[in-house]
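Visitor: Take a look at this one; I'll ask things after.
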Amino acid sequence: MVLVIGGILGILFSLGFNTAMKMTSTTEFCVSCHEMDIPWENFKATAHYENAHGISVDCKDCHIPQETIPKMIRKVEAAREVWGHWTGIIDTPEKYAAHRPAMQKRELDRLRANDSQECRNCHEPDRMVLEDQPVAAQKAHSTLKDSGKTCIDCHNGLAHDAPADEEEMSFEL
């Protein structure tokens with residue numbers, strides 16, 4: 001009997017957990033905090049939101065890893081922004097602007113540490129047709145494996161404004 005109840009509770013927990021993970025990974029959830037209107041409006045002006053190819057990404061595509069363990073870690077890390085909303089740390093445009101450099105640095109550091117995995121989920125460097133790219137992009141992409149750089153090092157500012165202390169070097173898609 002205990003085993004059956006434990007099994008049922010385990011299934012219910014798994015279903016609830018999975019539902020919560022999906023619900024908190026939607027763009028609607030992400031922008032439900034009014035201070036996220038700032039990066040959302042900024043993002044809507046980029047090629048990752050709207051482009052000639054009809055391809056668009058959501059918040060989760062860049063900010064939430066697809067793999068289970070990294071996804072769970074990122075969800076725990078993201079709780080910091082939710083806490084900032086609830087406690088009023090970033091609840092006004094002025095407070096958000098004051099904390100934005102630290103938030104951007106954390107996200108850029110995360111992407112650098114995982115070799116821009118979220119970028120690579122859609123953009124496969126080995127399948128790039130270098131001849132179709134601008135000369136500067138051809139040069140950068142051809143040395144990507146040996147340079148020690150990752151996508152975000154050159155494409156910083158492509159989906160959101162680059163931090164003030166980092167050079168923005170984005171290319172057209």
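The values are calculated or read from the model by the stated rules, or taken from the named source; none is laboratory data. Quick caveat: nothing in here was measured; it's all calculated off a predicted structure. We place every Cβ from the backbone using ideal geometry, glycine too, and count neighbours over all the protein chains shown. The accessibility values were calculated without ligands, DNA or RNA, using every heavy atom of the protein model including side chains. Shrake-Rupley method; radii C 1.70, N 1.55, O 1.52, S 1.80 Å.
Visitor: Which condition breaks for residue 92 when tested against (1) touching an Asp or Glu at 6+ places or on another chain (Cβ under 8 Å); (2) at pLDDT 90 or above?
Guide: (2)
Visitor: Can you find a residue in the stretch 54-61 that is among the hydroxyl-bearing types (Ser, Thr, Tyr), crowded, with 16+ Cβ neighbours inside 10 Å and either in contact with a strand residue (DSSP E or B) (Cβ under 8 Å, 6 or more places away or on another chain) or closer than 30 Å to residue 145 by Cα (or both)?
Guide: No, the conditions are met nowhere in the stretch 54-61.
Visitor: Also, I was wondering about something else. Please go through the stretch 117-166 and give me each residue that is among the charged types (D, E, K, R), over 19 Å from residue 51 (Cβ atoms) and surrounded by fewer than 17 Cβ atoms within 10 Å (Cβ to Cβ), ordered by number.
Guide: Across the stretch 117-166, the qualifying residues are 126, 131, 139, 145, 146, 149, 165, 166.
Visitor: Here's something else I'd like to know. Within the stretch 121-147, how many residues are in contact with a helix residue (DSSP H, G or I) (Cβ under 7 Å, 6 or more places away or on another chain) and in a helix (DSSP H, G or I)?
Guide: Going through the stretch 121-147 one residue at a time, the tally reaches 7.
Visitor: Now for a different question. Pick from the stretch 145-171 the residues that are of a type in the set (Gly, Ala, Ser) and touching a His at 6+ places or on another chain (Cβ under 8 Å): which of them is modelled with the lowest pLDDT?
Guide: The residue in question is 170.
Visitor: Give just the number: which of (1) assigned to a loop (DSSP other than H, G, I, E, B); (2) free of Cβ contacts under 8 Å to residues at least 60 places away in the same chain; (3) not polar (S, T, N, Q) does residue 160 not satisfy?
Guide: (2)
Residue by residue, here is whether (1) basic (Lys, Arg); (2) assigned to a loop (DSSP other than H, G, I, E, B); (3) surrounded by 13 or more Cβ atoms within 10 Å (Cβ to Cβ) holds:
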{"position": "71", "(1), (2), (3)": "yes, no, yes"}
{"position": "75", "(1), (2), (3)": "yes, no, yes"}
{"position": "79", "(1), (2), (3)": "no, no, no"}
{"position": "83", "(1), (2), (3)": "no, no, no"}
{"position": "88", "(1), (2), (3)": "no, yes, no"}
{"position": "99", "(1), (2), (3)": "no, no, yes"}
{"position": "103", "(1), (2), (3)": "no, no, yes"}
{"position": "112", "(1), (2), (3)": "yes, no, yes"}
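Visitor: Restricting to the stretch 46-58, what's the tally of residues that are of a type in the set (A, V, I, L, M, F, W, C) and under 10 Å from residue 159 (Cβ atoms)?
Guide: Of the residues in the stretch 46-58, 2 are of a type in the set (A, V, I, L, M, F, W, C) and under 10 Å from residue 159 (Cβ atoms).
Visitor: Moving to a separate point now. Is the stretch 38-47 home to any residue that is open to solvent by less than 80 Å² (accessible area, probe 1.4 Å) and among the hydroxyl-bearing types (Ser, Thr, Tyr)?
Guide: yes
Visitor: Further question: Got at least one residue in the stretch 80-90 being of a type in the set (D, E, K, R) and in contact with a Pro (Cβ under 7 Å, 6 or more places away or on another chain)?
Guide: There is no residue in the stretch 80-90 that is of a type in the set (D, E, K, R) and in contact with a Pro (Cβ under 7 Å, 6 or more places away or on another chain).
Visitor: With respect to residue 26, determine if the residue is farther than 22 Å from residue 150 by Cβ, touching a residue at least 24 places away in the same chain (Cβ under 8 Å) and in contact with a Lys or Arg (Cβ under 8 Å, 6 or more places away or on another chain).
Guide: Against the criterion (farther than 22 Å from residue 150 by Cβ, touching a residue at least 24 places away in the same chain (Cβ under 8 Å) and in contact with a Lys or Arg (Cβ under 8 Å, 6 or more places away or on another chain)), residue 26 qualifies.
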